[in-house]
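What follows is a set of notes on a single structure, which appears directly below.
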Amino acid sequence: MKLVTWSLATFHASTFVLAIVLFAYSRGGLGGTLSGLNTFVGLGLFVALWATTYFTTARSLAGLDLIASVRDRDGYLRRTLRWGSRNGMAFLAVLGVVALFAAVANTRPEQVGPGILVPALFIAPIALVVSAAVGGAVGLIFGFIDLALFAIAGLTGMDAEATV
């Protein structure tokens, strides 16, 4: 099951990043967005997304047999909604901590409290709710895609034979 988890997490993270890049490219805003990034920052963001996605994918697959059990396939979508929400919040937390440290490092000490920490306390709860909603929706979409890919691959357990 580790290979399935690894494969699905990589597919989910890569497809999500590809969708965002294609959306930004179609709107003409990709150049401006990417101008502030370098390879190290981009790789770090992808690794953070992949790590949170791997952890939440592993948790959503824990104890399930999507190939042999119809009942597990039916319950998989609820898990992808729940763990997708947690993935959105976890990735936001990683981004928030990095942004907070960068902002504090680049601000004069007397401005850190009123200029960074106080606004962050008001923004964080709203951002967590939004990230949970977006993460849940994306998780649910990927749950449907996963089940469809299993069905296309013929891994539905209908023709499985017992082996000795």
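The numbers here are math on the coordinates, done by the rules we state, and not lab data. Computed from a predicted structure; not experimentally measured. With ideal geometry, Cβ positions are generated from the backbone for all residues, glycine too; neighbour counts draw on all protein chains shown.
So the values come out like this:
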item: Point-to-point label distance, LEU30-ALA137, nm (Cα→Cβ direction, 7 Å offset); result: 2.3 nm
item: PHE40 versus ALA103: modelled label distance in nm, points set 7 Å from Cα along the beta carbon direction; result: 2.3 nm
item: Computed E for ALA51/ASP72 - FRET, C-beta separation, R0 22 angstrom, nearest 0.05; result: 0.30
item: Residue of SER14, SER85, SER26 that the Gaussian network model of the chain assigns the largest fluctuation, springs spanning Cα pairs under 10 Å; result: SER26
item: Pairwise FRET efficiency - VAL118 versus VAL21, Cβ, R0 = 35 Å, nearest 0.05; result: 0.55
item: With 5 Å bins from 0: P(r) over the chain, alpha-carbon pairs, percent; result: 1, 8, 14, 17, 16, 14, 10, 7, 5, 3, 2, 1, 0, 0, 0
item: Helix-only mean residue ellipticity at 222 nm for the chain, each DSSP H run of n ≥ 4 adding -39500 (n - 2.57), per residue, nearest 500; result: -27000 deg cm²/dmol
